[in-house]
Amino acid sequence: MRFFTLNKYLIISKIVLLTSICTSHTAIGQVYSGEQNPLSVKWKQITSGSFRIIYPLEMEADAQRMANTFQHIAPAIGNSLNVKISPIPILLQNRGVIANGFVQLGPKKSEFFSTPPQNFDSQDWLNNLAVHELRHAAQFDKLTGSRPYPFPEQVYFAWMGASIPMWFFEGDAVTTETALTYSGRGRQPAWIMPYRTALLEGRKFSYSKANFGSEKDITPGYYQLGYLLSSGIRKSAGKFVFDSVLTDIKKRPFRLYPFAGSLQKFTGKTGRQWYDAVNSEIGKEWLQQDRKNLSETYPQLSPPATFETNYMLPVQLKNGNILSLLQSKAETPAFVLLTPEGKQTRLKSIGQQEEPWFSYSAGKIVWNEIRYDMRFRQRSYSVVCIYDLETKKVKQLTTRTRIFSPTLSANGLKIAAVEIDLSNKINLIELDAATGKIIRTFPNPKNLQIQTPAYNDKGTLIAYITGSEAGKTLNTVDSSGKTTILIPETRQQLTRPVFIKSSIAFNAHYNGINNIYSIDSAGKKIMALSASKYGAFNVSAIPGKDSLIFNDYRSYGYAIAKMGNKPKETGTNTFVYFGQAAEKQENTGSVFENIPDSTYTSKRYNALGNLFRIHSVIPVIEDEHKGGIQLVSNNLLNTVDSYAGIAYQSDLGRFEYNAGISLKTFYPIFNLTYRNRARRTFYSTPPTGIKQGDWRENYVKLEALVPFNFSSGHHNYGISVRAGTSYTQRYMPEQMPQNYITRIRFPLETGVSFSHIVRSSARDVAPRWAQILRLTYLGQPFDALLSGDVFAAEGFLYFPGILRNHSFMANFNYQSASGIRSFNNEVSTVYGYNNIRAKSLMKNSLLMNYRFPLFFPDAELSSLAYIRSVRAGLFAHYENLGRESNLGQPKTYGFEVFSSMNLLRYQPIVDVGTRFIFVNREYHQNPIFELIVNYTF
């Protein structure tokens with residue numbers, strides 16, 4: 001037991017990436033973006049009180065509307081925290097198709113991704129972002145006091161991430177968005193459905209598991225957990241309880257678990273104790289609700305599951321097989337066929353979707369997938385794909401489009417879909433299913449949020465949902481363009497209409513649980529079709545029978561169930577509304593009533609004039625010998641990052657001065673680095689022996705990097721080309737030989753990499769199918785005094801293992817080095833390499849690793865650790881094949897065991913592992929034991 005390795009330095013500038021704790025994830029779980037828009041985007045800005053709105057030219061109308069909105073709603077949003085929201089830039093991003101929003105520090109800003117999701121709430125999308133994200137801004141202001149100097153933003157961000165649980169940030173924001181509007185996620189039964197299901201099934205998760213999640217079970221998540229805890233705490237302790245808690249944390253910031261301590265001070269309970277109390281209360285209320293609802297049990301047609309598995313959007317074919325989109329923690333998303341005998345066949349794996357969606361008709365499947373721009377990943381597209389079940393061929397019908405929820409007509413010739421352009425103009429469109437060309441656009445003069453269209457069996461009528469601040473509606477439009485409103489504005493969560501005979505079935509929550517309802521197009525009477533215990537969704541008719549197939553929500557996800565087509569009364573609304581106390585405390589109605597309609601002066605946003613935004617002075621610890629501080633700047637558009645700093649190197653007793661800038665505006669990314677640093681060497685001086693020499697040097701490095709990433713279905717590809725050079729000037733020599741080299745002129749550093757990786761599942765410990773090739777060349781073409789070069793090639797091949805989620809990797813590496821670079825190692829080496837005496841210079845290596853999950857304990861060890869998963873690996877590594885070893889004699893071999901966990905109830909995932917390395921007996925080396933620690937934000 002003789003070796004310890006820490007796989008990542010404890011650098012504070014990395015720790016601040018606890019932004020995943022403080023970042024809002026309105027629609028999806030996503031860390032804030034550091035990507036760029038293409039240079040062609042023309043930016044404008046509006047100043048409205050404390051808010052500076054920066055937006056693309058196409059979004060002028062929405063920018064004007066938001067300028068009025070922010071000013072009007074900000075006082076109500078900060079009211080219960082007794083804070084006035086301080087100035088903050090807000091960027092409207094329109095080039096992407098993924099709905100999201102966040103607030104961050106370092107630099108302080110908020111970003112709204114303007115494209116609304118297809119199953120969104122009964123309100124305006126940007127309005128929802130406004131109230132939710134500004135609540136985060138108010139939280140940050142309460143904790144930081146809005147002080148911009150002396151540049152503390154990243155330090156504040158790291159402190160907040162380490163001090164306050166994520167469930168508070170998001171739960172308080174959801175409580176606020178619900179209390180201040182007529183909508184919000186707190187009013188949606190489907191949003192809280194997994195939590196309700198777990199409690200009614202008697203599956204009592206630990207506090208940590210409910211907060212941090214699981215790789216086997218469906219857990220509430222910090223959004224839902226936070227909403228219930230925040231609402232419960234406000235109900236018991238009053239409107240201003242979190243004002244008191246955050247003020248106390250700000251006054252006494254440096255404590256272990258400051259949030260728990262301050263929460264207990266003002267409410268008498270810690271977060272863990274509130275979790276137990278709220279679970280007890282809501283469990284009783286949900287049980288009473290369940291007794292009132294008189295739910296029915298439906299026969300399950302999908303296989304039973306022992307971990308999260310979803311068979312989405314089921315459709316029964318004429319031959320009795322069931323087509324579904326399978327999503328699972330153990331498998332990547334794919335279309336599957338289930339036979340009546342229970343046999344399951346994977347038809348086609350698919351790429352990334354924001355929401356599960358496909359449509360089947362006439363032997364074809366149509367769906368939409370996300371595609372990213374190869375370089376500027378702020379820009380993404382939603383493209384339409386079609387798959388023929390008979391020919392097994394897939395075709396991408398559209399490219400570089402923004403088309404959502406494509407639905408086939410019964411004859412398979414047309415596709416109804418939703419298109420959203422860069423100005424956020426939303427249209428219902430029809431496409432030719434053979435070519436993907438738009439053949440018709442239906443007018444939408446009020447620019448309502450159109451969602452999930454569907455054809456009738458003749459293709460002459462389209463049903464669709466609209467959403468706006470007034471609520472949701474169910475509509476139809478015929479081939480002449482005549483529109484009929486079947487259900488006027490309502491706060492019901494209407495989703496996914498489907499024609500069934502003369503009626504239209506859809507999802508809603510009239511009885512307080514998401515169920516399937518139908519409306520007669522003529523009489524407009526709404527009737528219930530299902531009475532699910534937890535939630536029913538995604539209905540379709542069974543061909544030739546008066547029966548329906550649908551998704552019935554259960555403990556481990558969306559199962560497939562069957563029911564008769566027997567409409568009944570909708571029943572009484574028994575929804576349990578936990579945000580009622582907070583809504584009464586706010587007593588505002590909707591903050592979006594009476595929004596002013598002023599016109600603000602807009603002007604061009606000069607990107608070149610806003611390249612630098614200094615926001616933080618951060619401590620940096622590189623290793624046990626070197627530490628210092630850096631002044632950090634990142635501009636608002638993520639196109640320029642820069643820093644300047646000073647560090648002290650204790651082993652040399654000298655200071656280092658450094659600076660750098662990264663320009664990410666163009667296709668190449670340019671990185672320029674400067675370091676003025678002290679250096680030390682040891683050299684032989686016969687006959688006196690070894691001498692120590694010191695000097696200082698100015699080191700300048702310039703690098704250009706061109707990264708390209710693209711996808712096709714579930715295949716992801718990457719190509720990267722880089723080239724760099726540097727110049728070194730040495731001075732102030734101390735005890736250096738007279739002929740020591742004072743200048744190193746422009747060494748050439750180049751590299752090319754290619755990768756192909758098939759999408760992995762949540763339980764995969766490594767890619768199950770991937771190929772990666774990296775080529776590197778380092779040379780001295782401009783300096784004859786320092787001749788020598790090195791060429792290196794690395795190839796990684798990943799294959800599926802014996803069992804599901806197992807992965808085998810074979811990594812072959814080759815390098816050829818000469819001259820001053822003879823001792824360079826530019827390729828991967830065997831485990832334990834630094835602790836084994838080398839017999840010769842590195843020429844090649846073959847590294848074989850087999851990795852697999854062992855189990856998923858979801859074990860909470862008091863407040864010390866929450867253990868999520870345990871995985872293991874076997875390895876056999878070879879060095880200099882053909883010279884020192886052969887395939888029967890690896891240089892090192894052994895096994896490793898890792899566990900992923902959350903330590904001390906903090907959000908970052910920490911991997912703690914041990915590796916036992918046995919060395920070929922030719923080296924006369926004892927076994928090596930390594931302790932390895934990785935962390936992920």
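A few comments on the model shown:
- Taken over the stretch 55-87, the criterion of being at negative phi and of a type in the set (S, T, N, Q) is satisfied by Gln64, Asn68, Thr69, Gln71, Asn79, Ser80, Ser86.
- Among the residues listed as Val41, Val31, the single one being among the hydrophobic types (A, V, I, L, M, F, W, C), at pLDDT below 95, part of a loop (DSSP other than H, G, I, E, B) and farther than 26 Å from Glu583 by Cβ: Val31
- Candidate set: the stretch 791-824, residues that are crowded, with 16+ Cβ neighbours inside 10 Å and modelled with pLDDT under 90; chosen: the one farthest from Leu847 (Cα to Cα): Ile820
- Boolean, Ser863 is in contact with a helix residue (DSSP H, G or I) (Cβ under 9 Å, 6 or more places away or on another chain), not aromatic (Phe, Trp, Tyr) and not in a strand (DSSP E or B): yes
- Residues satisfying the stated conditions in the stretch 321-354, i.e. at pLDDT below 95, surrounded by fewer than 18 Cβ atoms within 10 Å (Cβ to Cβ) and touching a Pro at 6+ places or on another chain (Cβ under 9 Å): Gly342
- Some residue of the stretch 400-418 being polar (S, T, N, Q), within 30 Å of Glu593 (Cα to Cα) and not assigned by TED's automatic domain parsing to the domain that holds Arg65: no
- Residue in the stretch 654-668 that is in a loop (DSSP other than H, G, I, E, B) and either small (Gly, Ala, Ser) or surrounded by fewer than 16 Cβ atoms within 10 Å (Cβ to Cβ) (or both) present: yes
- In this structure, Gly788 qualifies as modelled with pLDDT under 95 and touching a Lys or Arg at 6+ places or on another chain (Cβ under 9 Å).
- Within the option set Tyr683, Tyr643, Tyr699, being under 24 Å from Leu748 (Cα atoms), among the hydroxyl-bearing types (Ser, Thr, Tyr) and either without any contact (Cβ under 8 Å) to a residue 60 or more places away in the chain or touching a helix residue (DSSP H, G or I) at 6+ places or on another chain (Cβ under 8 Å) (or both) holds for one residue only, Tyr699.
Per-residue answers, yes or no, for (1) of a type outside the set (Phe, Trp, Tyr); (2) over 27 Å from Gly34 (Cβ atoms); (3) in contact with a Lys or Arg (Cβ under 6 Å, 6 or more places away or on another chain); (4) not assigned by TED's automatic domain parsing to the domain that holds Phe358:
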position	(1), (2), (3), (4)
Arg95	yes, no, yes, yes
Glu111	yes, no, no, yes
Leu134	yes, no, no, yes
Lys142	yes, no, no, yes
Val174	yes, no, yes, yes
Gly184	yes, yes, no, yes
Gln188	yes, yes, no, yes
Met193	yes, yes, no, yes
Thr197	yes, yes, no, yes
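- Residue-level analysis places Ser712 among those that are modelled with pLDDT under 95 and outside the structural domain of Phe376 (by TED's automatic domain parsing).
- Residues that are assigned to a loop (DSSP other than H, G, I, E, B) and surrounded by fewer than 18 Cβ atoms within 10 Å (Cβ to Cβ), drawn from the stretch 843-860: Lys843, Pro857
- For the stretch 387-422, the candidate set comprises residues that are among the charged types (D, E, K, R) and in contact with a strand residue (DSSP E or B) (Cβ under 6 Å, 6 or more places away or on another chain); within that set, the residue that is nearest to His714 (Cα to Cα) is Lys395.
- Qualifying residue in the stretch 404-416 (condition: at pLDDT 95 or above, under 29 Å from Lys664 (Cα atoms) and either crowded, with 17+ Cβ neighbours inside 10 Å or in contact with a Leu (Cβ under 8 Å, 6 or more places away or on another chain) (or both)): no
- For the stretch 179-217, the candidate set comprises residues that are part of a loop (DSSP other than H, G, I, E, B) and in contact with a strand residue (DSSP E or B) (Cβ under 6 Å, 6 or more places away or on another chain); within that set, the residue that is nearest to Thr588 (Cα to Cα) is Ser206.
- Inclusion of Leu775 among residues that are over 27 Å from Phe916 (Cα atoms), in contact with a helix residue (DSSP H, G or I) (Cβ under 8 Å, 6 or more places away or on another chain), among the hydrophobic types (A, V, I, L, M, F, W, C) and not assigned by TED's automatic domain parsing to the domain that holds Glu331 is not warranted.
- Any hit, the stretch 790-802, residues being assigned to a helix (DSSP H, G or I) and closer than 26 Å to Arg915 by Cα: no
- Residues that are β-branched (Val, Ile, Thr), out of contact with any Lys or Arg (no Cβ under 9 Å at 6 or more places or on another chain) and closer than 30 Å to Lys209 by Cβ occur at least once in the stretch 857-880.
- Taking (1) under 29 Å from the mean Cα position of the chain (by Cα); (2) under 22 Å from Asp388 (Cα atoms); (3) not hydroxyl-bearing (Ser, Thr, Tyr) in turn, Gly412 satisfies each apart from (1).
- Where Asn507 falls short, out of the listed (1) part of a loop (DSSP other than H, G, I, E, B); (2) within 35 Å of the chain's Cα centre (by Cα): (1)
- If you go through the stretch 263-288 and keep only what is in a helix (DSSP H, G or I) and under 17 Å from Asp248 (Cβ atoms), you end up with Leu263, Gln264, Lys265, Phe266, Thr267, Gly271, Trp274.
- Residue within the stretch 732-751 that is over 30 Å from Thr681 (Cβ atoms) and either buried (at least 16 other Cβ atoms within 10 Å of the Cβ) or modelled with pLDDT of 95 or more (or both) present: no
- Just one of the numbered conditions (1) assigned to a strand (DSSP E or B); (2) touching a Phe, Trp or Tyr at 6+ places or on another chain (Cβ under 9 Å); (3) farther than 24 Å from Ala817 by Cβ; (4) not small (Gly, Ala, Ser) is not true of Asn671: (2).
- Considering the stretch 895-937, the residues that are of a type in the set (Ser, Thr, Tyr) and without any contact (Cβ under 8 Å) to a residue 60 or more places away in the chain include one that is surrounded by the fewest Cβ atoms within 10 Å (Cβ to Cβ), namely Thr936.
- Screening the candidates Arg554, Arg604 for the property of being of a type in the set (D, E, K, R), farther than 30 Å from Tyr156 by Cβ and in contact with a Lys or Arg (Cβ under 8 Å, 6 or more places away or on another chain) yields one hit, Arg604.
The values are calculated or read from the model by the stated rules, or taken from the named source; none is laboratory data. Just so we're clear, the structure is a prediction, and the values are computed from it rather than from any experiment. Note: ideal-geometry Cβ built from the backbone for every residue, glycine included; neighbour counts use all protein chains shown.
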